[in-house]
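Report on one structure; see the data block that follows.
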Amino acid sequence: MFHKILIANRGEIALRIHRACRELGIPTVAVHSTADAQAMHVRLADESVCIGPPATRDSYLNIPAILSAATVTGADAIHPGYGFLSENAGFAEMVEAHGLTFIGPSPAHIRMMGDKIAAKTAMASLGVPLVPGSDGALTSFAQAREIAAQVGYPVLIKAAAGGGGRGMKVAHEAGELEEAWRVARTEAASAFGNDAVYLEKYLDRPRHIELQMLADSHGAVVHLGERDCSLQRRHQKLLEEAGSPALTTAERDALGATATRALQKLGYRNAGTLEFLFQDGQFAFIEMNTRLQVEHPVTELVCGIDLVREQIRLAAGQKLGYGQGDIRFFGHAIECRINAEDPETFMPTPGRVSAYHAPGGPGVRVDSALYAGYTVPPYYDSLLAKLIVHAPTRPEAINRLRRALQEFAVVGIKTTIPLHQRIVDDAAFQAGDYTIHWLERFVARA
Ligand code: MV4
């Protein structure tokens, strides 16, 4: 097991990783920018190192500063959290080249999944269903036209180096394809330095369902069920659930079995998430995330497994120690992302939090680095807290969420709490009847 872990992140996830380390008896090193000297993740860590000025490229993305911090403090492993360097294969390689352990998958798997075409090609060869579309990168506009005619309009042109909604262009009919092709390639070249694009049939009303996977370095793989992440606005998730209100147990088991076999054959290790679109009873793989995800707590609550602890154990070479048959799903969990944003305009609302009270009681968890008197800096993303509730059934979880949202007090800045309160009271949300487009319309209706 590791002797000291450097946490290359900030905010609630840095704290979450610190907590897992503490429970494993492993000392922690926090890194921080000058803007984060007063942050909770710095206060709670055993040691801390300032790695640069506020701008992320100079601090949380500053690879030499982070590696130096690990070296001078004697850390033997680095947990990257999510965002920042978590899916940077070059960083993972440099960590290993310094004789440290990167807590995550192999650099080769990070690189493979970062290329959305390589990811799809690998998954297709392993029997995972895809959206109908091009077999690999498009080689010419003529080929794009041919494949679009085969799969039928509307279609999407996506950038191989994109993902998370970046670098996508829709063509509703043949007349729009050339423009979509040209714009997608130009934007991909300038945004990612890679103009490779591929084509998919556009699904018009899918749900976004992702599957949490864990794999050890001895060939054992399990799935921890799905999360429904359909409630998002401009590719920012706002509320996530486990399980999906749209899936039957049989559908989950079938998808889980396919995904488990695929990752086993791939030789994948550590935690990972397969993203699917789900429409008309069909799953289609779109991307794989090779990091811990923001919404991991809903999975932890329904299956009783500490994902960060498992990431650390697995990175240290330990065996999973349980099989799929040992994993039981209990109840329903919902997470609300409480952001420092105006709940109507979504403009960021940095500033001082004069008073803070987090909800508690049965089935309530709050993952946050916030405290009364903290000043939310303007430099980073706006996630303030994750409110996660767990209850035996979905209706009970919704009821508990309503109660917890009422208790939550963040004074001094606007947050997305009022928006969550409107969502939990909505009949369509309560019925579980939503797609990836539901939230945008709900917000526009207000
Ligand atoms: C799609 C799609 C419809 N059809 N692919 C957006 C993020 C990226 N991960 C994939 N995305 C989509 N791919 C096909 N073939 C619709 C989306 C999409 C979306 C997906 C998941 C969650 C929210 C979304 C919002 C808009 C579009």
Q. Which of the residues belonging to the range 330-350 are assigned to a loop (DSSP other than H, G, I, E, B), open to solvent by less than 70 Å² (accessible area, probe 1.4 Å) and not polar (S, T, N, Q)?
A. Gly331, Ala340, Asp342, Pro343, Phe346, Pro350
(Q) So the check is Cβ under 9 Å with 6+ separation or different chains; which pairs have a first residue in the range 217-231 that's under 10 Å from Leu320 (Cα atoms) and a second one that's in a strand (DSSP E or B) and away from the ligand (no atom under 16 Å from the Cβ)? (A) Ser217/Asn270; Ala220/Leu214; Val221/Met213; Val221/Leu214; Val221/Ala215; Val222/Met213; Val222/Leu214; Val222/Ala215
Q: Would you mind finding the one in Phe408, Phe346, Phe442 that is within 16 Å of the ligand (Cβ to nearest atom) and under 25 Å from Ile13 (Cβ atoms)?
A: Phe346
Q.
Any residue that is surrounded by fewer than 22 Cβ atoms within 10 Å (Cβ to Cβ), under 20 Å from the mean Cα position of the chain (by Cα) and of a type in the set (Val, Ile, Thr) - is there at least one of those in the range 259-266?
A. yes
Q: May I ask you to list pairs of residues, at least six apart or on different chains, whose Cβ atoms are under 6 Å apart, with the first in the range 142-164 being within 9 Å of Lys201 (Cβ to Cβ) and the second being of a type in the set (Ser, Thr, Tyr) and within 14 Å of the ligand (Cβ to nearest atom)?
A: Pro154/Tyr202; Val155/Tyr202; Leu156/Tyr202
Q. Hey, Arg205 hits all of (1) closer than 30 Å to Leu419 by Cβ; (2) assigned to a strand (DSSP E or B) but one; which does it fall short on?
A. (2)
Q: At least 1 residues that are hydroxyl-bearing (Ser, Thr, Tyr) and either exposed (fewer than 13 other Cβ atoms within 10 Å of the Cβ) or within 16 Å of the ligand (Cβ to nearest atom) (or both) in each: list the strands (runs of 3 or more DSSP E) lying fully within the range 124-201 that qualify.
A: 197-201
Q.
Filter the range 270-284 down to the residues that are more than 11 Å from the ligand (Cβ to nearest atom) and open to solvent by 10 Å² or more (accessible area, probe 1.4 Å) and list them by number.
A. Asp280, Gly281, Gln282, Phe283
Q: Select from the range 281-327 the residues that are part of a helix (DSSP H, G or I), in contact (Cβ under 8 Å) with a residue 60 or more places away in the chain and among the acidic types (Asp, Glu) and list them in ascending order.
A: Glu310
Q: Pull up the range 82-123, narrow it to residues that are closer than 21 Å to Pro64 by Cα and polar (S, T, N, Q), then point me to the one that is most open to solvent (accessible area, probe 1.4 Å).
A: Asn88
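The values are calculated or read from the model by the stated rules, or taken from the named source; none is laboratory data. On a predicted model such as this, the values are computed, not experimentally measured, just so you know. Glycine gets a Cβ as well: all are built from the backbone with ideal geometry, and neighbour counts include every protein chain shown. Heads up: the accessible areas ignore ligands, DNA and RNA and are worked out on the full protein's heavy atoms, side chains in. Shrake-Rupley method; radii C 1.70, N 1.55, O 1.52, S 1.80 Å.
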